[in-house]
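Single-structure report; data block below.
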Amino acid sequence: MLRALVFVKQKGGPILQKMAVPMRGIGLFLTRVIGVPVYRLVLLFRRNVARVMGPAKHRVAFFISNRYTVHVMMAIIVGSVVFVNLSAREVRAEDFGQQSLLYELVAQDDSYVLEVVEAGSPVVSLGSSSSYMSDTIVDARRHIDFHYLEESYVTPQVGTDLVEEPARDIPVRGSVETYVIEQGDTLGVIAEKFGLSLSTVLWANGLTYNSTIQPGDDLKILPSDGVLYTVTSGDTLSRIASRYDVDVEDIMNQNNMESAHTLSIGDELLLPGGEPPSPASTARKSASLTTLFTAPSTASGATSSATGWVWPTDWRVITQYWGWRHTGLDIDGDYSTNSYAARGGVVIFSGWRSGYGLTVEVDHGDGYVTRYAHHAKNYVGVGDTVSTGQAIAQTGTTGRSTGTHLHFEIIRNGRFQNPLDYVR
């Protein structure tokens, strides 16, 4: 290596000297143009700083440069950070960022802004797939609806679309008629054809929602909703009215009775709006405060209860309770959750119902009807028989809704009930 370096020096020395001549000129130029002015500025800065930092002449600069002052300032900063963290509010994922100035600038107050999805056509396709990117709303607030009693579309009447279907001509009947079942008839279709509830048809013929009917069979068709009662020994009109929760005057008017004492054994009376005494399996059971706030035994899905009712969806997060004019129970969910039949029955409505959006209504045959609203897709159609806990629809946010959830109603003889009295 040493010999190689000696060789390079002997042979390459003149060449390197020639190459260094222009580099020397460039170095001198940079030194004069950049190096000397920079050096002068550094000297000037050091001279002025030395004057300011002199402790005998400038006490303020001496105080700032003191090491104890730096320690005190660091202690103050650390204490401030700790205090801010301890006093900060709990931050939830859905509220994150809403207190920032940027959020206030770009967000609008949508406290009264609702997502209203209007039906383009009264014909709703139940077989189409839903999209996760359509009919949705991003909202950090609770998923609720605004189905209050004063709204025109909110009604306990079930079985027909009150908004989009044209009025049907239903003949007025003054007495009990007999209908011969035809090919393709179902109990739900027959009840709708005569403008009666499914419960009325079942009660009048001693059937249940899962009874089998055959073409050629006869069905009694009452003039209006209610119960057909046969007078027995010891009956009085007041006793019958009390047992079936009907006014005596209504019974007399419906049956053209001049006196409450003109009863004969074997007479058939139409009790308008009446209902048979509920069996023990469906009796209403009031909820206590202890059970209301007790966690369920299972985390999700429809689970059976002692009264024959099941929870109607997968999640158990209640975002709005029944009462204060709200007609049902709002239960949170997303597009991966379903609605389930709270009890077995017959589907009497499946389609679009105004502010309820895609809705399913199930008649359970004993005066109870359940309504499931705001779906993204319905799985069942009118006339289908569903069993307890069967999936009937996909959770969505159609209609008058502020997010994906299930609006669940229980209607008993035309009156809204508290769903928590029946399901847990």
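The values are calculated or read from the model by the stated rules, or taken from the named source; none is laboratory data. The model shown is predicted, which means the values in this text are computed figures rather than measured ones. Cβ sites come from the backbone with ideal geometry, for glycine too, and all protein chains shown count toward neighbours.
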### Query
Mind checking which pairs have a first residue in the range 251-269 that is of a type in the set (D, E, K, R) and a second that is surrounded by 14 or more Cβ atoms within 10 Å (Cβ to Cβ) and part of a helix (DSSP H, G or I), Cβ under 8 Å, 6 or more apart or different chains?
Glu258/Met252
### Task
Report those strands (runs of 3 or more DSSP E) wholly inside the range 177-267 carrying at least 1 residues which are basic (Lys, Arg).
218-221
### Message
When you check Asp135 against the structure, is it assigned by TED's automatic domain parsing to the domain that holds Ile318, modelled with pLDDT under 50 and in contact with a helix residue (DSSP H, G or I) (Cβ under 9 Å, 6 or more places away or on another chain), yes or no?
### Response
no
### Qualifying residue in the range 219-230 (condition: touching a helix residue (DSSP H, G or I) at 6+ places or on another chain (Cβ under 9 Å), of a type in the set (Asp, Glu) and free of Cβ contacts under 8 Å to residues at least 60 places away in the same chain)
yes
### Message
Among (1) assigned to a loop (DSSP other than H, G, I, E, B); (2) closer than 17 Å to Glu192 by Cα, there is one condition Val360 misses while meeting the rest; what is its number?
### Response
(1)
### Query
Which one of these does Ser197 not meet: (1) without any contact (Cβ under 8 Å) to a residue 12 or more places away in the chain; (2) surrounded by 17 or more Cβ atoms within 10 Å (Cβ to Cβ); (3) among the hydroxyl-bearing types (Ser, Thr, Tyr)?
(1)
### Task
Could you tell me whether Leu149 is surrounded by 13 or more Cβ atoms within 10 Å (Cβ to Cβ), within 21 Å of Gly414 (Cα to Cα) and either modelled with pLDDT of 75 or more or not assigned by TED's automatic domain parsing to the domain that holds Arg325 (or both)?
no
#### Entry: Number of the condition not met by Asp109 [criteria: (1) modelled with pLDDT under 85; (2) of a type in the set (D, E, K, R); (3) not assigned by TED's automatic domain parsing to the domain that holds Gly403]
(3)
## Note on the structure
Every listed condition ((1) over 29 Å from Gly274 (Cα atoms); (2) out of contact with any strand residue (DSSP E or B) (no Cβ under 7 Å at 6 or more places or on another chain); (3) without any contact (Cβ under 8 Å) to a residue 60 or more places away in the chain) holds for Gly403 save (3)
### Query
Of everything in the range 183-196 that's touching a helix residue (DSSP H, G or I) at 6+ places or on another chain (Cβ under 9 Å) and more than 21 Å from Thr359 (Cα to Cα), which residue is modelled with the highest pLDDT?
Phe194
### Query
Out of all the residues in the range 188-207, which are within 16 Å of Gln157 (Cβ to Cβ) and touching a Gly at 6+ places or on another chain (Cβ under 8 Å)?
Gly188, Ala191, Glu192, Ser197, Leu198, Ser199, Thr200
### Task
Return yes when Thr398 is within 22 Å of Ala191 (Cα to Cα) and at pLDDT below 90 and no when it is not.
no
### Query
Out of the residues in the range 309-368 that are of a type in the set (A, V, I, L, M, F, W, C) and farther than 30 Å from Trp203 by Cα, which is surrounded by the most Cβ atoms within 10 Å (Cβ to Cβ)?
Ile331
### Summary
Scanning the range 224-254 residue by residue, those surrounded by 13 or more Cβ atoms within 10 Å (Cβ to Cβ) and either of a type in the set (Val, Ile, Thr) or not assigned by TED's automatic domain parsing to the domain that holds Ala204 (or both) turn out to be Val227, Val231, Thr236, Ile240, Val246, Val248, Ile251
## Note on the structure
Scanning the range 377-396 residue by residue, those touching a strand residue (DSSP E or B) at 6+ places or on another chain (Cβ under 6 Å) and in a loop (DSSP other than H, G, I, E, B) turn out to be Tyr379, Val380, Gly381, Val382, Asp384, Thr388, Gly389
